[in-house]
C-alpha cells in the first residue's frame, strides 16, 4: 500500500499531494516522505568514478549526484542534529537514516587531498610537469590555510564525499 501511495505522491509549491487520474488530495508530511535505509558504494576511494547509491525503505534506488544531490541541513525541530536529505525525485526528499549517515561519514575525504592525488596521477600518466607544480601549489596553499585555521573557508579545501563525479561538501 505504501508503494502505491509513493507512486502517486507529488510535491508542488511547498505542499504534498496524492494525485490520481480522478482526484488530487493534499496531505501532510511530517518531515520527509522517504527514508533512505541502505547505502551501496561502487568504485570506493576513486573520486572520479565513486558512486554512492541509496535505497529507500520502499526499494527505490538513487545515485547521489547532480540529479539526486545530498544536502546536510539543520533539523527542523531545533536540536543540533544534522538533517541529511537526498532529492529522490521531483522535489521529494528522502531522509538519510542514522546508520547510513554513519556509513557516509566513513567515506568523508578532504577535497584538497583528492585534488592533489588527482593532479599527481594526471601528471604521472601524461608526464606533464605543470600538473605536479599545480598539485604542490595546492598542497602548500592547503597547508597554509590549515595553519591559519581556514580549512572549510574555501571550496577546494572542504570535507565531503564524492559521488558520480560530484563533490558534496559537508563542512
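The values are calculated or read from the model by the stated rules, or taken from the named source; none is laboratory data. None of these values were measured; they are calculated from a predicted model. Neighbour counts are summed over all protein chains in view; Cβ atoms, including those assigned to glycine, are modelled from backbone coordinates with ideal geometry.
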Seminar exercise, completed: Per the filter on the range 66-101, residues touching a residue at least 12 places away in the same chain (Cβ under 8 Å) and in a loop (DSSP other than H, G, I, E, B) are 66, 67, 68, 69, 76, 90, 91, 97
Problem set entry | Hits in the range 9-22 - residues which are in contact with a strand residue (DSSP E or B) (Cβ under 7 Å, 6 or more places away or on another chain) and either in contact (Cβ under 8 Å) with a residue 40 or more places away in the chain or closer than 17 Å to residue 93 by Cβ (or both) | 9, 10, 11, 15, 16, 17, 18
Exercise. What residue, among those in the range 47-65 that are under 16 Å from residue 105 (Cβ atoms) and not in a strand (DSSP E or B), is modelled with the lowest pLDDT?
Worked result: 50
For this session: Run down 9, 35, 18 and say which single residue is surrounded by 11 or more Cβ atoms within 10 Å (Cβ to Cβ) and in contact with a helix residue (DSSP H, G or I) (Cβ under 7 Å, 6 or more places away or on another chain).
Result: 18
Exercise. If you check 36, 104, 54, 58, which single one turns out to be touching a residue at least 40 places away in the same chain (Cβ under 8 Å), closer than 24 Å to residue 159 by Cβ and over 12 Å from the mean Cα position of the chain (by Cα)?
Worked result: 36
